[in-house]
Amino acid sequence: MIPGQTTVMPTEGAVRAALRRVMDPEVGMNVVDLGLVYGIDITPNRVHITMTMTTPACPMGSLIIDDARKVVRGIVPETAEIDVQLVWDPTWTPALMSGHAKRHFGWT
């Protein structure tokens with residue numbers, strides 16, 4: 001086994017923490033605090049993440065999805081599948097942002 005490589009599936013909290021390292025480069029905020037992560041489902045050999053973008057026209061969507069896969073890859077066993085599903089329903093709204101993100105943008 002490679003040093004630092006795990007054989008145990010992460011918790012939902014660990015996946016969410018990893019996803020906090022994924023930034024939306026257009027707004028300079030992580031995808032979790034922006035409210036873009038709708039769900040995380042973990043099974044013995046798979047992490048399924050449901051997420052959205054602030055708009056279907058987001059030019060950074062592919063980059064953000066790739067970054068999400070990369071950070072999760074670093075915390076799952078080598079054989080685990082990582083599935084990031086991009087959805088548009090429900091539609092994202094600023095109400096989904098964390099208090100931290102709202103304060104960052106001066107919305108509270």
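The values are calculated or read from the model by the stated rules, or taken from the named source; none is laboratory data. Everything numeric in this text was worked out from a predicted model, so none of it was measured. We place every Cβ from the backbone using ideal geometry, glycine too, and count neighbours over all the protein chains shown.
Once region 44-76 is narrowed to residues that are in contact (Cβ under 8 Å) with a residue 12 or more places away in the chain and polar (S, T, N, Q), the residue that is farthest from Met23 (Cα to Cα) is Asn45. Quick one: is Arg69 closer than 27 Å to Gly106 by Cα, surrounded by fewer than 17 Cβ atoms within 10 Å (Cβ to Cβ) and not polar (S, T, N, Q)? No.
The set of residues in region 17-29 that are over 18 Å from Gly106 (Cα atoms) and assigned to a loop (DSSP other than H, G, I, E, B) comprises Arg20, Arg21, Val22, Pro25.
Could you grab the pairs with beta carbons closer than 9 Å, sequence gap of 6+ or different chains, first residue in region 97-108 and under 16 Å from Val37 (Cβ atoms) and at pLDDT below 95, second one part of a loop (DSSP other than H, G, I, E, B) and among the polar types (S, T, N, Q)? Going by the 9 Å Cβ cut-off, there are no qualifying pairs.
Here's the yes/no breakdown for (1) small (Gly, Ala, Ser); (2) touching a helix residue (DSSP H, G or I) at 6+ places or on another chain (Cβ under 7 Å); (3) buried (at least 18 other Cβ atoms within 10 Å of the Cβ):
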site: Thr50; (1), (2), (3): no, no, no
site: Met53; (1), (2), (3): no, yes, yes
site: Val84; (1), (2), (3): no, yes, yes
site: Trp88; (1), (2), (3): no, no, no
site: Ser98; (1), (2), (3): yes, no, no
site: Lys102; (1), (2), (3): no, no, no
